[in-house]
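S.K.: First the structure, which I've put down as C-alpha cells, then a few questions once you've had a look.
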C-alpha cells in the first residue's frame, strides 16, 4: 500500500528534476534511504528524500565530488551530535583550489589561442599550418 507521504523514485525524480538513474546511484552510495517498497515493488521515499537530493545537488554545484559528499554523510551518520562544518570547510577549500586551477589552465589556453591568432592573422595557409605545428610542438600537454 502506498503511504500518503511516500513517493516512488519516478515521483522523486519529477520533484527534484534529477534522473532516476542518478537517484538510484545516490541510494547505492547511501545518500538516500527508502521507506520500503510498494505493493507493486516500487521503491518508496519520504519527503526528506527531496531535501537530501537538493542538498546533494547544491554541494555538487559548489564543485564537491560524490566521494567528498559521501565523506560528509558518513561523518554525520557516525557522529550525529558533532558538527561536520570543519570537514565541509576543508572540502569547500579543495573545491575552490580546483576552480582556481581550472581558471589558471583556461587563462593559459586563452593566451595560447591569442598567440596563435596573432601568428596566423596575416599569414598564408601554409605559414599558419607551420605556426600551428610549432605551437603544438611547444605544448607539453599535446
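The values are calculated or read from the model by the stated rules, or taken from the named source; none is laboratory data. All of these numbers come straight from a predicted model, not from anything done at the bench. Quick reminder, even Gly has a Cβ in these numbers, built from the backbone with ideal geometry, and neighbours come from all protein chains shown.
S.K.: Scan the stretch 76-88 residue by residue and report those that are in a helix (DSSP H, G or I) and over 17 Å from the mean Cα position of the chain (by Cα).
M.R.: 76, 77, 78, 85, 86, 87
S.K.: Quick one: would you say residue 71 is without any contact (Cβ under 8 Å) to a residue 24 or more places away in the chain and surrounded by 13 or more Cβ atoms within 10 Å (Cβ to Cβ)?
M.R.: Yes: the conditions hold for residue 71.
S.K.: To continue, here is another question. Exactly one condition in (1) surrounded by 12 or more Cβ atoms within 10 Å (Cβ to Cβ); (2) part of a helix (DSSP H, G or I) is false for residue 63; which is it?
M.R.: Among (1) surrounded by 12 or more Cβ atoms within 10 Å (Cβ to Cβ); (2) part of a helix (DSSP H, G or I), the lone unmet condition for residue 63 is (2).
S.K.: Sticking with this one: Assuming residue 109 fulfils every condition listed in (1) surrounded by fewer than 17 Cβ atoms within 10 Å (Cβ to Cβ); (2) assigned by TED's automatic domain parsing to the domain that holds residue 134; (3) under 14 Å from the mean Cα position of the chain (by Cα) apart from one, which condition is it?
M.R.: (3)
S.K.: Of all residues in the stretch 12-21 being surrounded by 15 or more Cβ atoms within 10 Å (Cβ to Cβ) and part of a helix (DSSP H, G or I), which is nearest to the chain's Cα centre (by Cα)?
M.R.: 16
S.K.: Residues to consider are 78, 47; find the one that is free of Cβ contacts under 8 Å to residues at least 40 places away in the same chain and within 23 Å of residue 34 (Cα to Cα).
M.R.: 78
S.K.: Separate question: Would you mind finding the one in 62, 116 that is more than 29 Å from residue 24 (Cα to Cα) and touching a helix residue (DSSP H, G or I) at 6+ places or on another chain (Cβ under 9 Å)?
M.R.: Going through 62, 116 in turn, just one is more than 29 Å from residue 24 (Cα to Cα) and touching a helix residue (DSSP H, G or I) at 6+ places or on another chain (Cβ under 9 Å): 116.
S.K.: Pick from the stretch 42-72 the residues that are modelled with pLDDT under 90 and over 23 Å from residue 99 (Cα atoms): which of them is nearest to the chain's Cα centre (by Cα)?
M.R.: By that ranking, first place goes to 43.
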